[in-house]
Ligand SMILES: [Zn+2]
């Protein structure tokens, strides 16, 4: 009996210490240095160019140098990420390229591995009912739009998407809404095991300013909503720091000119972090 109690106490102690030290461990591991882009020796398949332009119209505005870089980053992403179809959904090359090209668009200006923590993308044929993870130790983000889930980003490198939302987000490149941008912004944010609206690889020189600006904007958004004033970002940004970041990333990549005009401070921070902005931003600068 005493032995059983001792084992139970040890298990509880182990569990509690895991919860406490996990964020520190993940942070330390993330700090061991970002992996540089592991370029592949072979060229991307020749037919990818047309397919990516079809499934992700925003890519048509890229210079040929940037477009070529996008395809090469997609190549790495597809090598390192497993795709699974759920509820009978069949994963085709078109589906993979649509998700991968939209995700990699975000990191086009970065010099590190596109999404070092992302391991798996699950795609549903329709919007889906959220499946909660078993473990209460996960820090997962579920995005809903007054109904079924549009997408989810899990702490352990899993992104869940609905195909109609992926396709709709890509089809309209400047409506400020893109579920792949949103969920992969969460993946960047969750790379350090936390989701506080600031990715682990935000440079040290920007971190204080970043944290202060996100906190200030979140407060302003909430105040606007309380006063019945239409905020400059989607209302959903007011949920918390993580959703603010994901919604602001959608705006930065879909309507960069408008964001640069209404919030030049945030725009400049994002430009410093992402290393590029789509065309349209220059006009407002
Ligand atoms: Zn979200």
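Taking other C-beta atoms within 10 Å as the exposure proxy, 186, 156 rank 156, 186 from fewest upward.
Remark: the Cα gyration tensor places the stretch 204-284 in the oblate category, a/c being 1.5 or greater and a/b not exceeding b/c.
Using a cutoff of 8 angstrom between alpha carbon atoms and counting only pairs six or more residues apart, the relative contact order for the stretch 62-190 works out to 24 percent. The listed peptides 96-108, 221-233, 172-184, 46-58, ordered by packing as a protection proxy, come out as 96-108, 172-184, 46-58, 221-233 (highest mean of other Cβ atoms within 10 Å first). Taking 0.36 nm per residue of separation and subtracting the current Cα-Cα distance, fully stretching the chain between residue 82 and residue 201 would add 40.5 nm.
Read the figures in this text as sums done on the coordinates, not as results from a lab. If you're wondering where the values come from, they're calculated on a predicted model, not measured in any experiment. With ideal geometry, Cβ positions are generated from the backbone for all residues, glycine too; neighbour counts draw on all protein chains shown.
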